[in-house]
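Novice: After the C-alpha cells below, expect a handful of questions from me.
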Amino acid sequence: MSASSNDSGRDDTPCYVARCLCGCKRLVFASVDDGKHPKETAKDVAGLIRKGYTIERMSVSEVRVAKWMCAKNVQPSVRL
Ligand SMILES: [Zn+2]
C-alpha cells in the first residue's frame, strides 16, 4: 500500500525476538510480525515463553545487525 521506496535498506517491520538464556544476550529466535501468519507467530512466541524466554520486539533492521547464536555454544573449528 505504501508508495515510499525502501532503497535505504531500512526495514521497520516489527519482529518478535528471544535472547539466549545463558546470559550472552544473543538472539536465538526472531519472527517477523508482518501480520501474514499471526497464528503461527503466536504459537512460536507462546512456546518460547513456556520455555522461559523473554520475548522482545525489534525491527527487522535491528535483527539483521544483531548478534546471533549463543556465545558459549560456538564450536571451535579445530577439533582436538
Ligand atoms: Zn548464550
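The values are calculated or read from the model by the stated rules, or taken from the named source; none is laboratory data. Being a predicted model, the structure only gives us computed values, none of them experimental. Ideal geometry is used to build each Cβ from the backbone, glycine not excepted, and the neighbour counts take in all protein chains shown.
Novice: Can you tell me which of Tyr53, Tyr16 is surrounded by 15 or more Cβ atoms within 10 Å (Cβ to Cβ), at pLDDT 95 or above, of a type outside the set (A, V, I, L, M, F, W, C) and within 16 Å of the ligand (Cβ to nearest atom)?
Specialist: Just one listed residue meets the conditions, Tyr53.
Novice: I've got another one for you. Mind checking which pairs have a first residue in the stretch 51-80 that is closer than 17 Å to Val28 by Cβ and hydroxyl-bearing (Ser, Thr, Tyr) and a second that is in a strand (DSSP E or B) and at pLDDT 95 or above, Cβ under 6 Å, 6 or more apart or different chains?
Specialist: Tyr53/Ala18
Novice: Which members of the stretch 32-48 meet the condition of being in contact with a strand residue (DSSP E or B) (Cβ under 6 Å, 6 or more places away or on another chain) and either of a type in the set (Gly, Ala, Ser) or in a helix (DSSP H, G or I) (or both)?
Specialist: Listed by number, the residues that qualify are Thr41, Asp44, Val45, Leu48.
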